[in-house]
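One structure below.
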Amino acid sequence: MRSFLSVTLLILTSAALTQTVKQSDLQRQHSVWEPPEWNFPRELKATVPKEMFSTFILSGVSITFEETSIESVRERLGGKGGQRGDAGDALKWLCFHSRDPADRWVLWLESGEIDGGSVGSFQWQRLSNDDVVDSRCQALGGGSVTLPLSFRLGAKKAEVLKSLGGPTSTESHRLIYLHEHEGKIKGQPFAVSNIIVVHIRDGLVWAIQASKTSSS
């Protein structure tokens with residue numbers, strides 16, 4: 001009888017331990033679906049003399065900020081659209097993931113209220129070992145990202161500085177570049193803002209955020 005109780009107790013203890021370990025693993029894992037918040041300092045004054053870029057290529061599809069509709073990209077590359085926020089502050093996005101020779105990555109195409117359905121920004125970043133990609137995030141087999149810049153994910157900080165020059169703002173973990181200029185369309189004044197934020201981790205580029213917006 002004592003032997004039976006001991007075995008039963010051992011089985012229950014083992015099951016509880018296994019369940020605890022699984023729950024702990026789930027807590028450590030991070031589900032990847034929504035794009036991170038930009039957390040851009042609004043008080044910055046632009047220092048970059050010219051636009052850095054407005055067009056890039058994702059898996060063979062050319063995308064131009066403020067011109068390419070986010071729906072047309074979905075039709076070409078697939079994926080499910082996400083949305084958060086209320087009217088006036090709503091954000092729509094498409095999530096894609098793939099890998100390069102170095103590691104896995106995820107990219108979000110974003111369209112805010114001001115973009116009128118066009119792609120206005122993107123966020124491209126590495127995935128850590130604890131990141132689990134949501135099924136709504138479209139896999140791009142052999143997908144690639146081509147930027148009109150001389151650096152990409154995994155580049156050294158020195159390569160960023162060589163390509164873009166001195167940043168508008170420097171923080172311990174990121175370099176912020178801001179360009180602004182004013183112009184006119186059909187006689188109406190408008191302001192253009194072009195932003196690039198480069199996140200550095202262990203001396204290498206971990207994430208790149210870029211956006212372009214025009215407003216009257």
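Values in this text are rule-based calculations from the coordinates and carry no lab data. Given the structure is predicted, the values throughout are model-derived calculations rather than measurements. With ideal geometry, Cβ positions are generated from the backbone for all residues, glycine too; neighbour counts draw on all protein chains shown.
For the stretch 153-160, just list the computed ³J(HN,Hα) in residue order, Karplus coefficients 6.51, -1.76 and 1.60, θ = phi - 60°, integers in Hz, with x standing in for Gly and Pro.
Here the 3J(HN,Hα) series is 4, x, 6, 7, 4, 4, 5, 5 Hz.
So if each residue of separation counts as 0.36 nm, and I subtract the Cα-Cα distance between Leu161 and Ile114, what length gain in nm does that give? Display every interim value, and only then the final one.
Working: separation 47, 0.36 × 47 = 16.92 nm, distance 3.03 nm.
Separation in residues times 0.36 nm, less the Cα-Cα distance, equals 13.9 nm.
Determine, at each q value in 0.13, 0.16, 0.20 (inverse angstroms), the log₁₀ of I(q)/I(0) that the Debye formula gives when each Cα of the stretch 34-215 is one equal point scatterer.
Summing over Cα pairs of the stretch 34-215 leads to -0.67, -1.04, -1.59.
Against the longest alpha carbon principal axis of the chain, how many degrees, from 0 to 90 and to the nearest 10, is the axis of helix 2-28 turned?
The angle comes out near 0 degrees.
From the helices alone, meaning DSSP H stretches of at least four residues, give me the mean residue ellipticity at 222 nm for the chain, per-run term -39500 (n - 2.57), in deg cm²/dmol to the nearest 500.
Dividing the helical sum by the residues of the chain leaves -6500 deg cm²/dmol.
Report the net charge of residues surrounding Ala90, where surrounding means a beta-carbon distance below 10 angstrom and charges are Lys +1, Arg +1, Asp -1, Glu -1.
Here the count lands on -1.
List the residues, sorted by chain then number, that are 5 or more residues from Thr68 or on another chain and whose placed amide H is less than 5 Å from its amide H.
Under 5 Å from the amide H of Thr68: Val119.
With r as the distance between the Cβ atoms of Asp130 and Arg84 and R0 = 22 Å, compute the FRET efficiency 1/(1 + (r/R0)^6) and round to 0.05. Present the calculation step by step, with values, prior to reporting the outcome.
On the way: r = 23 Å, r/R0 = 1.03.
Efficiency at R0 = 22 Å is approximately 0.45.
Ignoring GluC sites (Glu not before Pro) that are buried or in helix or strand per DSSP, and keeping those with at most 15 other beta carbon atoms within 10 Å, what is the longest stretch of the chain between them? Before the final figure, lay out each step's value.
Values: sites that count: Glu37, Glu43, Glu51, Glu67, Glu171.
The answer is 68-170.
Around Ile114, what is the net charge, scoring Lys/Arg as +1 and Asp/Glu as -1 over all other residues with Cβ under 13 Å from its Cβ? Don't jump to the answer; show the numbers that get you there.
On the way: positive: Lys92, Lys212; negative: Glu66, Asp89, Glu110, Glu113, Asp115.
Every neighbour counted, the sum reads -3.
I'd like the Karplus ³J(HN,Hα) series for the stretch 194-211: coefficients 6.51, -1.76, 1.60, θ = phi - 60°, whole numbers in Hz, and an x wherever there's a Gly or Pro.
Going residue by residue, I get 10, 10, 10, 10, 10, 8, 10, 9, 6, x, 10, 6, 9, 8, 10, 10, 8, 8 Hz, with x marking Gly and Pro.
Nearest 20 debye, what's the magnitude of the dipole of the chain about its Cα centre given +1 on Lys and Arg Cβ and -1 on Asp and Glu Cβ?
Using only the charged Cβ atoms, the result is roughly 520 debye.
Of Pro35, Thr68, Ser215, which is farthest on the positive side of the dipole of the chain, counting Cα position, with +1 on Lys and Arg Cβ, -1 on Asp and Glu Cβ, and the Cα centre as origin?
Final value for the positive-end residue is Pro35.
Using the Karplus curve 6.51 cos²θ - 1.76 cosθ + 1.60 with θ = phi - 60°, work out ³J(HN,Hα) for each residue of the stretch 108-120 in order, rounded to whole Hz, and write x for Gly and Pro.
10, 9, 10, 9, x, 4, 5, 8, x, x, 8, 6, x
Given the options Leu153, Leu107, Leu164, state which has the largest fluctuation in a GNM of the chain using a 10 Å cut-off (strictly under) for Cα springs.
Per the Cα network of the chain with a 10 Å cutoff, Leu164 tops the list.
Counting Lys and Arg as +1 and Asp and Glu as -1, what is the net charge of the other residues whose Cβ lies under 9 Å from the Cβ of Gly154?
Working: positive: Arg126, Arg152, Lys156; negative: Asp100, Asp103.
Here the charged neighbours net out to +1.
Suppose the chain between Leu204 and Asn39 were pulled fully straight at 0.36 nm per residue; how much longer would it get relative to their current alpha carbon spacing? Write out the running numbers ahead of the final one.
Details: separation 165, 0.36 × 165 = 59.40 nm, distance 2.04 nm.
Between Leu204 and Asn39, full extension yields an extra 57.4 nm.
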